[in-house]
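Structure first, commentary second.
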Amino acid sequence: MEKNKVTYESVDQYIAAFAPEIQELLQSLRKVISEAAPEAVEKISYQMPTWFLHKNLVHIAAYKTHIGFYPAPSGIEAFKEELAQYKGAKGSVQFPIKEPLPYDLIARIVKFRVEENQQQAAEKRKKK
């Protein structure tokens, strides 16, 4: 394991590791996600701020030029037309730091993921 690699213990610690303007973006994003998923629990997973509801809901991460948002492939697929203007991959999207974050869109994606996770958890309970 790398000696210089930082291991984050909390979302607060993760956010504090960045420059003030990035901290502000991350705190705003944290607020939007927490309001859209009030039952979700914050934790660090994969060394990223993560919201957990029955299983991982969404992750965020800050990079030099963008904020990474990871709502799983289903979250990307469900909103692919609205996300088309951003770089992304199967389960992620990159929001440029120099542009305003699309908080309304992010909130809708989080709510979609909440519904999806709750539905999957309910189906799992029925099978038992």
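Those residues that are in a loop (DSSP other than H, G, I, E, B) and surrounded by 15 or more Cβ atoms within 10 Å (Cβ to Cβ), I need them from segment 92-128; list them, please.
97, 101, 102
Quick check, is residue 7 among the β-branched types (Val, Ile, Thr) and surrounded by 20 or more Cβ atoms within 10 Å (Cβ to Cβ)?
no
From the list 65, 50, pick out the single residue that is free of Cβ contacts under 8 Å to residues at least 40 places away in the same chain and buried (at least 20 other Cβ atoms within 10 Å of the Cβ).
None of the other options fit; the residue is 50.
Hey, could you check segment 81-97 for residues that are modelled with pLDDT of 95 or more and of a type in the set (D, E, K, R) and say which is farthest from residue 118 (Cα to Cα)?
Per the stated criteria, the residue is 87.
The values are calculated or read from the model by the stated rules, or taken from the named source; none is laboratory data. Since the model is a prediction, treat every value here as computed from it, not as a measurement. Positions of Cβ are generated from backbone atoms using ideal geometry, with glycine treated the same way; all protein chains shown enter the neighbour counts.
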